[in-house]
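The structure appears below as structure tokens.
The values are calculated or read from the model by the stated rules, or taken from the named source; none is laboratory data. Everything quoted here is computed from the prediction, not taken from an experiment. Every residue, glycine as well, gets a Cβ built from its backbone with ideal geometry; the counts of neighbours run over all protein chains shown. For the accessible areas, the whole protein counts, side chains as well, though only heavy atoms, and no ligand, DNA or RNA atoms are used. Shrake-Rupley method; radii C 1.70, N 1.55, O 1.52, S 1.80 Å.
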Amino acid sequence: EYKQRLLNCYIYDGADYETNLKKYKITPRLIRSGDWGTEHLMIGQEQTSYFSFTRIDAKGAVPFLKTGFLQVMIVLEGKGTLTCGDQVYDIKKGDELFLPYDVDEVVMTPADGEKVSAVLCNPGQVTYTFEK
């Protein structure tokens, strides 16, 4: 019953912080980078087949990767705009947006002098190519 309540994600066995960190810490993997910033895979198929999410840290305009699936975007820091086709939306820390699978190109642009960080949550079927 206890394991079911935790969705079998984590079982506390009395281990100390350092032991748990070594056992469970997930190292982000770089998907892409450029003058605009970086995108890292935070949780992917190595951890679960049910979902994945990436983190984009942008200091310039960045087009989102087209996954062919719906996405949920959560703005972690900063403010700017999100452009979808010919529509422009203001975004800021705390905003949550739903992006349908068939949306045209999506571009996130920080406001002048700002940086914007966001996570993009995806279904487990999304696969990624990593920068070396």
Note to self: Quick check on my filter: what residues within the range 26-82 are among the aliphatic types (A, V, I, L, M), over 22 Å from residue 105 (Cβ atoms) and out of contact with any Ser or Thr (no Cβ under 8 Å at 6 or more places or on another chain)?
What the structure shows: 26
Margin query: For the range 45-70, which positions are hydroxyl-bearing (Ser, Thr, Tyr), part of a loop (DSSP other than H, G, I, E, B) and open to solvent by less than 50 Å² (accessible area, probe 1.4 Å)?
Written below: 48, 67
Check: Of the residues that make up the range 34-44, is at least one of a type in the set (Ser, Thr, Tyr), open to solvent by 30 Å² or more (accessible area, probe 1.4 Å) and within 14 Å of residue 122 (Cβ to Cβ)?
Finding: no
Checklist line | Which numbered condition residue 104 fails, given (1) assigned to a strand (DSSP E or B); (2) surrounded by fewer than 15 Cβ atoms within 10 Å (Cβ to Cβ) | finding: (1)
Next item on the list: Restrict the check to the range 71-92 and report whether at least one residue is surrounded by 14 or more Cβ atoms within 10 Å (Cβ to Cβ), in a loop (DSSP other than H, G, I, E, B) and either among the small types (Gly, Ala, Ser) or touching a residue at least 24 places away in the same chain (Cβ under 8 Å) (or both).
Entry: yes
Notebook entry, point to check: If you take the residues in the range 1-33 that are at pLDDT 90 or above and surrounded by fewer than 10 Cβ atoms within 10 Å (Cβ to Cβ), which one is nearest to the chain's Cα centre (by Cα)?
Noted result: 27
